[in-house]
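Colleague: Shown below is the structure under consideration.
Nothing in this text is a laboratory measurement; each read-out follows from the coordinates by a stated rule. Model, not experiment: these values are computed from the prediction. With ideal geometry, Cβ positions are generated from the backbone for all residues, glycine too; neighbour counts draw on all protein chains shown.
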Amino acid sequence: MEVEIIKILYLSVHEVLEYDELRLFTALGYECYSHGQYSRPHKGSKLRPPIPEMPFDPHFADMVERCSIDDLHPEMIEDKDIIIIMHSPTAIINNWEKFKNKRVIWRTIGQSNPLVENLLAPYREQGLEIIRYSPRERMIPDYIGEDDVIRFYKDPNEYNNWIGNKLNVMAINQAMLQRGIDSNYPLFHNVCKGIPTKLFGPQNEGLPENAGLLTYEQMKNELRENRAYFYTGTRIPSYTLAFIEAFMTGIPIVSVSELFGNHPFLHQRTFEIHEIIENGKDGFISDNPVELKRYLQELLNSHDLAKEISANAREKAIQLFGKENIKNKWQKFLTNKRGGK
């Protein structure tokens, strides 16, 4: 008896998250096609390697290059069973008549707000399914609900072996100065004065903490080798990719809390790190610059403290963001005939 292969059309706005989820869906036995960096999966992307297990359809890849995410060619849709849209509300709105008879899933990434929720409310009424990436999204005004909460993930076998032998504080963030209050650069700069600090990521040139760009393998090595990670968030997400990678690796994290984590001008309290990290057990949390600096210095001064924090952090990271847990959640959700409100 021939096994039915279910085809997924994945509309992406973030190549690293795209890479992770396409690998997961492919491992679950789905035939995936991406409108994103992995339309040609054998080539990979600038930030992540190829996914050779994914099928490659040259005709589909050519259509991706010709058609924007907001105006899909009907041929890209007709043989697909499930459409998963990463964040983009316009991709749902502009293509709805083309794929409304399919199973359509909106996959959030922490960028929703009341405007987005209201824009998608009519499509929710027509059967749009919703997978949230954090339970804190329920704090968004005019929230239109969820079918499940499934976090993004990291593989504990890949992000591991923290040793903390380099007496540095590190962070991974892009364009920190240009993004102003969204990335809390003034706080980051003031707290890190007098502390050996490495800021990795693009568009940080000229900043005293700038340590340049990292390859995929270099990034994992820096997370393993540096003593502590200073997390200042990127308002408005509940948590970011960088947080998951650091938490899973086990590098001790010192993080801002609700005051600096939530946006001061938006009425949604979606920041979640203070609910994930138990202060003093699996990391440190504060909105007091003096306390943040003290926590970082304590970790630099005591490898034993850092090792204790690391072990607890990694245990919790595997519970929340571990690949197998997330894989099981997706398998359960996708094998249901159709989600509900």
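Colleague: Have a look at 120, 91, 246 and report the one farthest towards the positive end of the charge dipole of the chain, computed about the Cα centre with Cβ charges (Lys/Arg +1, Asp/Glu -1).
Modeller: Farthest towards the positive pole: 246.
Colleague: For region 166-321, count the residues as N, evaluate 2.2 N^0.38 Å, and divide the Cα radius of gyration by that value, please.
Modeller: Compactness ratio reported: 0.94.
Colleague: Relative contact order (percent) for the chain, with alpha-carbon contacts under 8 angstrom and 6 or more residues of separation?
Modeller: It comes to 14 percent, rounded to a whole number.
Colleague: Can you show me the helix-derived [θ] at 222 nm for the chain, built from DSSP H runs with n ≥ 4 at -39,500 (n - 2.57) apiece and divided by the number of residues, rounded to the nearest 500.
Modeller: Dividing the helical sum by the residues of the chain leaves -11000 deg cm²/dmol.
Colleague: Could I ask something else about it? When the dipole is taken about the Cα centre of the chain, and only Lys, Arg (+1) and Asp, Glu (-1) are charged at their Cβ, what size is it in debye, to the nearest 20?
Modeller: I would put it at about 500 debye.
Colleague: Between region 135-179 and region 94-127, what is the C-alpha centre distance in whole Å?
Modeller: Value for the Cα centre distance between the two parts: 24 Å.
Colleague: Over region 166-321, what is the mean sequence separation of C-alpha contacts under 8 Å (at least six apart), divided by residue count, expressed as relative contact order in percent?
Modeller: Relative contact order of region 166-321: 23 percent.
Colleague: Next up: If all Cα-Cα distances of region 26-126 are sorted into 10 Å bins from 0 onward, what percent lands in each bin, rounded to whole numbers?
Modeller: For region 26-126, the pair-distance distribution reads 14, 44, 33, 9.
Colleague: Moving to a separate point now. Would you please name the GluC sites (Glu not before Pro) within region 34-78 that are DSSP coil residues with at most 14 other C-beta atoms within 10 Å of their C-beta?
Modeller: Taking region 34-78 and a limit of 14 other Cβ atoms within 10 Å, the loop GluC sites (Glu not before Pro) found are 53, 78.
Colleague: Excluding same-chain residues fewer than 8 positions from residue 102, which lysines have a Cα within less than 17 Å of its Cα?
Modeller: 7, 80, 337, 341
Colleague: What ranking do 67, 192 get, fewest neighbouring Cβ atoms within 10 angstrom at the top?
Modeller: 67, 192
Colleague: Let me check against my output: what whole-number percent is the relative contact order of region 1-99, with C-alpha pairs under 8 Å and at least 6 apart?
Modeller: Relative contact order of region 1-99: 32 percent.
Colleague: Treat each spin label as a single point 7 Å out from the Cα along the C-beta direction, and report the residue 281 to residue 28 distance in nm.
Modeller: According to this spin-label approximation, the distance is 3.0 nm.
Colleague: So how do 303, 87, 59 line up by other beta-carbon neighbours within 10 Å, fewest first?
Modeller: 59, 303, 87
Colleague: At a Förster radius of 30 Å, what calculated FRET efficiency corresponds to the Cβ-Cβ distance of residue 319 and residue 166, to the nearest 0.05?
Modeller: 0.60
Colleague: Sticking with this structure for a sec: For the chain, place one equal point scatterer on every Cα, skip the solvent, and apply the Debye formula. What is log10 of I(q)/I(0) at q = 0.07, 0.11, 0.13, 0.14 Å⁻¹?
Modeller: Values, matching the q order: -0.30, -0.75, -1.02, -1.16.
Colleague: What does the net charge come to around residue 39 if you take all other residues with beta carbon closer than 13 Å to its beta carbon, with K and R at +1 and D and E at -1?
Modeller: Charge balance in the 13 Å sphere: -2.
Colleague: With +1 on each Lys and Arg Cβ and -1 on each Asp and Glu Cβ, and nothing else charged, work out how big the dipole of region 166-321 is about its Cα centre, in Debye to the nearest 20.
Modeller: The dipole magnitude comes to about 200 debye.
Colleague: Please arrange 243, 56 by how many other C-beta atoms lie within 10 Å of their C-beta, fewest to most.
Modeller: Ranking 243, 56 by Cβ neighbours within 10 Å, fewest first, gives 56, 243.
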